1. Show the residue pairs meeting these rules: Cβ distance below 6 Å; 6+ apart or different chains; first residue within the range 226-253 and in a strand (DSSP E or B); second residue more than 7 Å from the ligand (Cβ to nearest atom) and aromatic (Phe, Trp, Tyr).
2. Taking into account only those residues within the range 209-238 that are away from the ligand (no atom under 16 Å from the Cβ) and modelled with pLDDT of 95 or more, which is surrounded by the most Cβ atoms within 10 Å (Cβ to Cβ)?
3. Among the numbered criteria (1) assigned to a helix (DSSP H, G or I); (2) more than 19 Å from Ser45 (Cα to Cα), which single criterion is violated by Ala90?
4. Out of the range 143-166, which residues are small (Gly, Ala, Ser) and crowded, with 20+ Cβ neighbours inside 10 Å?
5. Can you give me the number of residues within the range 137-166 that are within 13 Å of the chain's Cα centre (by Cα) and in a helix (DSSP H, G or I)?
6. Which ones in the range 182-208 are over 19 Å from the mean Cα position of the chain (by Cα) and surrounded by fewer than 18 Cβ atoms within 10 Å (Cβ to Cβ)?
7. Return the residues of the range 274-285 that are under 14 Å from Val219 (Cβ atoms), part of a strand (DSSP E or B) and not hydrophobic (A, V, I, L, M, F, W, C); say none if nothing qualifies.
8. Looking for something crowded, with 18+ Cβ neighbours inside 10 Å, outside any helix (DSSP H, G or I), within 11 Å of the ligand (Cβ to nearest atom) and modelled with pLDDT under 95 - is there at least one such residue anywhere in the range 120-136?
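The values are calculated or read from the model by the stated rules, or taken from the named source; none is laboratory data. All of these numbers come straight from a predicted model, not from anything done at the bench. Backbone-built Cβ (ideal geometry, glycine too); neighbour counts: all protein chains shown.
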Amino acid sequence: MNTHSKRNTHSKRNTQGWTPAQLGSLTGKTYLISGANSGAGFEASRVFLSKGARVVMLNRNNDKSAAAIHSLKQEFGNDAKVSFIRMDLAELNSVRDAAAQILERVDHIDALICNGAIAQVAKQQLTVDGFESQLGVNHFGHFLLCRLLFERINASQGRIVVVGSNAYKMGLKRIQFDDLNFDNNYTAWNSYAQSKLAQMMFGFELQRRIEATGKQVQVQICHPGASRTNLLMDTASRFNKILWSVLQRVIAQSAEKGSWPEVMCATSEALTPLRLYGPTQRADTVGPVGECQLDEVALDRAMASELWALSEQKTGISWGL
Ligand SMILES: NC(=O)c1ccc[n+]([C@@H]2O[C@H](COP(=O)([O-])OP(=O)(O)OC[C@H]3O[C@@H](n4cnc5c(N)ncnc54)[C@H](OP(=O)(O)O)[C@@H]3O)[C@@H](O)[C@H]2O)c1
C-alpha cells in the first residue's frame, strides 16, 4: 500500500468528520491568513476568533479589509484580536514589505495559512514580476512569504498550511517548465491547475526537507472542496462566471464548511505528513472533513525538486534546506 493511500484518524471511516466543535480554547494562539477578507479565509478567521485566538489577515485591499474587520468586531466584540497587514501576493516587493511588518509586530506564529488565491483568469496576465498571474499569486507569492516567516514559525513550533484545490489533479497534471507562463497555449483552466499543483508540491517538498533537518515546523496541505465563495468572480470569463454561479448552487457547500479543512490543519494534533485533507464526499467536493485520496502527481519528487530550485531562483531567496 502506498503511504498516501493509508488512512488515519481523520479518515473517511470517521463519518462525522472534523468540525470546529472539536476545538478547545485558542486563547493565546496567533493565526496569519492570506486572503482573509472573504470566502474560506474570512470564515476561518471567524472560527479562530470565536475560540479566543488572535488573527492577522494578510489582504491586498484596504477597504475590504476594514469592512471585514468591522463585521468581525460586530460579531465578536470590539476586543476581538483581529488586525490586517496589507500584502499583495501579486507583487514580491509587497510580500517582502508585509513579511517585514509581520516580523516586527507578531512575535509568535502558531500557523500561517496560505489561503489567498485567484482562479480561472480568463486571459493570460503577468504580474509585475513577470509571472503568469495565478502562478505568481498562488505559488510564488506564498513561496516567498513562507520563506521570510519560516524562522519565526520554527521558533514558535508553528505550522504552515497550504490551501490547495482538487484542480491539482486536473489540467495538464504537471508543471510546464518549458513554458511556465503559458505563452503558447494559455487556458484559464490549465494555468489555474498548474498553480494549485505547484502550491501543493511545494507543501509536500517542504515537509520532506523539514523532516531531513529536524526543524520544528509542521506543514499540512488541504483544500476546501467546492465552496460558495467569490473565487472566479473577478477573474473568470463571463461564461465561466455564469456557469459557476449556477453550478455552485447545486454542487457546492457553504464557505464556512469550506474553511474547516484549513482550520483543522492549523490546529489538529491528529494529522500526518504526505496527506491531503478536505471534504470527503462526492469526489471530495463536499461533506465530512477528513483525509482525501491523494493523486501521485502531487508527490512527484523530481518535479517538486525542479520547482523548488526554480522558485528559489524566481523569488531571489534560498531556503537553505
Ligand atoms: N471556492 C472553491 O470552491 C475552491 C475550490 C478549490 C480551492 N479553493 C481555494 O480556496 C482558497 C480560498 O478561496 P475562496 O474560495 O475563499 O475564494 P475568495 O472568496 O475569492 O477568497 C480569495 C481571497 O484571496 C485574496 N486574494 C486574491 N488575490 C490576492 C493577492 N494578489 N494578494 C492577496 N490576496 C489576494 C482575495 O482578496 P480580494 O477580496 O481582494 O479579491 C480573497 O480574500 C483559495 O486558495 C482557492 O484556490 C477554493
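1. none
2. Ranking the qualifying residues of the range 209-238, first place goes to Val217.
3. Every condition holds for Ala90 apart from (1).
4. Within the range 143-166, Ser156, Gly158, Gly164, Ser165 qualify.
5. 10
6. Asp183, Asn184, Asn185, Tyr186, Thr187
7. Of everything in the range 274-285, just one residue is under 14 Å from Val219 (Cβ atoms), part of a strand (DSSP E or B) and not hydrophobic (A, V, I, L, M, F, W, C), namely Tyr277.
8. Yes, that holds for at least one residue.
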